[in-house]
Structures are given as C-alpha cells and as structure tokens.
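Just so it is clear, none of the values below were taken in a lab; they were calculated from the coordinates. Treat the numbers as computed from the prediction; the structure is a model and nothing was measured. For neighbour counting, all protein chains shown are included, and Cβ atoms are generated from backbone atoms with ideal geometry for every residue, glycine included.
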Amino acid sequence: MTAQPKPTISEEMYLEAERTSPKKHEYYAGEVYAMAGASEQHNIIAMNVAALLHALLRGRSCRAYPSDMRVKIIKTGLYTYPDFTIVCGQSQFIDSEKRDTLINPTVIIEILSPSTERYDRSLKFQHYRTLDSLQEYILIAQDRYHIERFVRQENNEWLLSDAFGRTESIPIAAIQARLRLEDVYEQVTMASNMLNMYPHPDQS
C-alpha cells in the first residue's frame, strides 16, 4: 500500500491560524510543529535574562523581544520563536502593519532543554546562519552553569567561545555588554552532581 503524503498548508494559512492560536507552532515546508512547554528552570532563566536585557538596553538603539515574537528565516522559510531576539537598528517585519514576525535578528538567544538541545545546536542553527543580519547566537544550558556563544566572522565562519561556572561571564558584542552567569542563573536550583562539575574557585 502506498503511503499517503502528509497534508501541507500555505504560509498564509499558518499565519492566519497562528495569530489566534493559544499555543505556539513552528512552520517549515508546509508542515506545522507544536512547541513544547517549558520547565521551571527554563522559565526562571528566561525571566532573569529578560530583566538583564531590559536593563542593558535602556536608552540604546537595540531592542530585545521575548519568545512570543515570531521570526521568519527568509532563505529557508522556517517560522520559529527564539527564546530571545535582539535587533540593533530598525526592526524589519514581513508585515509592517501587524509587526509580529521579525526577519532581521542581530542576536538570537536560546535556552536549551533535553527535548530541543539537539535541534537548537544543529538544524535550527543551520537555518539561523542563513540570516545575513545575525551576528551572535547564544545557547544557555538550564541544568548547569554553562553558556555558549557563536560569533559570525568576516569569512562567514562561526567562532565558538563559552563560559563555565557561576562566577564567569560572557560578552554580547552587538550590545557591548556581558552576561554574568550568577545573574542568568539566579534562583535556579541545580542538581548537586551538576554543581560539582564546576566548583567555586575558593573550593579546594
């Protein structure tokens, strides 16, 4: 028996449904994918990062958007919802009236989870790299003190640096600021085995 092809929908149909949906969905190549809910750690980290970005960007020409802001990757057609999107300069949208789908992120920040980490590191990052505007991609672990930062180079390669441990910090060059891990992970409860991976410098 020949397998039936999956039904697909147009971008217009997706956007019409998404704008009234109580839940968020990604869209790619005619298919819609429901996005999973977030853990307690994810939510606390997201609140901390939102507060940090709000303080860092006050009075600046850059602005930060939380995970309700949809992003379209023009070259691949993916619609998705990064945990945080920073735009420096004028924000551009696919619809200048609705202004609910960005197309020119400068920095994208994702908070990793067991269900999305592989996707965020591989296929999703492949989509993001096609954004000419994107300068930095930042991945925040939620089960350990660890932040990774990928920076676009002049030859269009991406350079990785990372910060381990609560006392470290990591730069975001696009906004001329640093994120301190102790601020990002404030009030986040880590498993004891994860804490022991990166002991405090004062510990012997």
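Per the Kirkwood definition applied to all pairs of different Cα atoms, how many angstroms is the hydrodynamic radius of the range 55-149?
This gives a value of 13.8 Å.
If you keep only loop residues by DSSP, which trypsin sites (Lys or Arg not before Pro) in the range 59-127 have at most 15 other Cβ atoms within 10 Å of their Cβ?
In loop regions of the range 59-127 (DSSP not H, G, I, E or B), the sparsely surrounded trypsin sites (Lys or Arg not before Pro) are Arg60, Lys75, Lys98, Arg99.
If I model a spin label as a point 7 Å beyond the Cα along the Cα-Cβ vector, how far apart are those points for Thr130 and Glu40 in nm?
Once both label points are built, they end up 4.0 nm from each other.
Rounded to the nearest 20 Debye, what is the dipole magnitude of the range 32-162 about its Cα centre when Lys and Arg each give +1 and Asp and Glu each give -1 at the C-beta? Let's see the in-between values first.
Values: 15 positive and 16 negative charges, 52 e Å.
Using only the charged Cβ atoms, the result is roughly 260 debye.
Go through Gln126, Ser115, Ile175 and say which Cα lies farthest out towards the positive end of the charge dipole of the chain; charges sit on Cβ, +1 for Lys and Arg, -1 for Asp and Glu.
Comparing the listed Cα positions along the dipole, Ile175 ranks first.
Using only Cα atoms, find the angle between the long axis of helix 40-57 and the longest principal axis of the chain, and express it within 0 to 90 degrees, rounded to the nearest 10.
Approximately 90 degrees, to the nearest ten.
So if we plug the beta-carbon distance of Arg19 and Ala191 into 1/(1 + (r/R0)^6) with R0 = 35 Å, what FRET efficiency do we get, rounded to 0.05?
Details: r = 39 Å, r/R0 = 1.12.
Between Arg19 and Ala191 the formula returns 0.35.
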